[in-house]
Amino acid sequence: MTLTPEIRWIDTPDALDAACAEVAQAEVLALDTEFFREKTFHPIPALIQFSAGGPAWLVDPQEVACTDSFRRLLGEGPLKLLHASSEDLEVLAHWAGVTVAPLVDTQVAQALLGEDPAMGYQRLVQHWTGETLPKDETRSDWLKRPLSDSQQLYAALDVVCLLKVWECQCEALDRLQRRAWLDADCRELMAQALRSDEADGQWYRRHRQLWRLAPHQIEAYRLLTTWREGEARRRNLPRGWLVNDRVLYGIAERMPENRYQLAEVEEIKPSLIKRDGDLLLALVKQARECAAQALPAAQPSPMEAPYKRRLKVLKRVVNEQAEQLGLAPEVLMRRRDLEAIIAADLAGEPLPLPEGWRGERLAAPLKQALDEVNAE
């Protein structure tokens, strides 16, 4: 594998369409992006890289808008390879207005091979090829023009090496008969990329202290975070610049009825009260007046013995299955998914057991473990 690939710069629509024509019949296309988002909600695309095994094309999105040809290449066409794809998918969705498909995330693939589930790209390349990639441009200013030769090489290698990595991973996955697992997990990544509005309404679930709130407070926090996510997107501001989770949680805790009480929330900024205070109070009022049957359920305390007992036995099931498969336990099942099962069990509700290949391994033993706990 060469570490001196041919590099072609693209800064016109015609050049982008010509590159698309060259790779249109390829089976696999490696993709990557460089972007900047310190001052915005939406990432600012600085560079789009792709390669099908020949040249590495570097697209300057500051100069050229996405063309229909490239949009078709992203949304149809060859299998697309990305590493740790979540932010790249966001960049491409915002710039091209399309969801990348079909997709393979090589970080996910590596996790399913029993390796570090968060393995970085440089270590991944070294693992499969023995090559050590340059690190000099990791923190480059990718919006600055012109890009230096070392920046262009660094960006090109991000896609050129990915093709060789995937070739090796694919063989290993086939030996373990886990390619279908990868395809299922990558389909879920693509589905998640389409659910931005739905994700706004679920942001509140990320908070680790929801169990401390009563149902009306949880509803207030849900409404506040949903508003913040949509408003940050509309204003194109980092969510923390608008208002962070800590302040919104504090508002939900206090359930203020007026601006004086709102001002008592720790860390709240006067500018937020002046600009959005009435709206925040209206959301709290809406939560306070919400009918009991429409409220989110109270969350069980992780400090209580029934919760701890269930978490212990469920983690044991996951760890045993993960050891048999040679996987990290968090690849098999995330803690928040275990917590959702525990909350449902304690509330006497249907269990949100895993489905797909994870369900085949875990659904029955997880249910059996809870049945045994409940029978004690």
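Derivation of every value follows stated rules applied to the coordinates shown; laboratory data play no part. No experiment lies behind these values; they were computed from the predicted model shown. Here the Cβ positions follow ideal geometry from the backbone for every residue, glycine too, while neighbour counts run over all protein chains shown.
Below, the figures for the structure above:
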{"item": "Under Karplus coefficients 6.51, -1.76 and 1.60, residue-wise ³J(HN,Hα) of the stretch 336-349 in Hz, glycine/proline x", "result": "5, 6, 4, 5, 5, 5, 5, 4, 5, 5, 5, 8, x, 9"}
{"item": "Of Pro102, Pro352, Pro45, the one that fluctuates the most in a GNM where the chain has Cα springs shorter than 10 Å", "result": "Pro352"}
{"item": "Rel. contact order, % - alpha carbon contacts under 8 angstrom, at least six apart, the stretch 285-376", "result": "29"}
{"item": "D (Stokes-Einstein, µm²/s), Kirkwood Cα radius, the chain, 1.002 mPa s at 20 °C", "result": "91"}
{"item": "Protection proxy ranking, peptides 123-133, 239-249, average beta carbon neighbours within 10 Å, highest first", "result": "239-249, 123-133"}
{"item": "For the stretch 305-375, diffusion coefficient by Stokes-Einstein and Kirkwood Rh (Cα), 37 °C, 0.692 mPa s, µm²/s", "result": "273"}
{"item": "The stretch 229-314: GluC sites (Glu not before Pro) in DSSP loop, at most 14 other beta carbons within 10 Å", "result": "Glu257, Glu264, Glu266, Glu267, Glu289, Glu304"}
{"item": "Whole-Å distance, taken between Cα centres, linking the stretch 2-68 and the stretch 349-368", "result": "41"}
{"item": "Listed pairs Lys39/Lys269; Lys80/Lys312; Lys308/Lys367 exceeding 28 Å between Cα atoms", "result": "Lys80/Lys312"}
{"item": "Kirkwood Rh and Cα Rg combined as Rg over Rh, evaluated for the stretch 198-294", "result": "0.93"}
{"item": "Highest-fluctuation residue, Gln293, Gln202, Gln177 considered, GNM on the chain with Cα pairs under 10 Å", "result": "Gln293"}
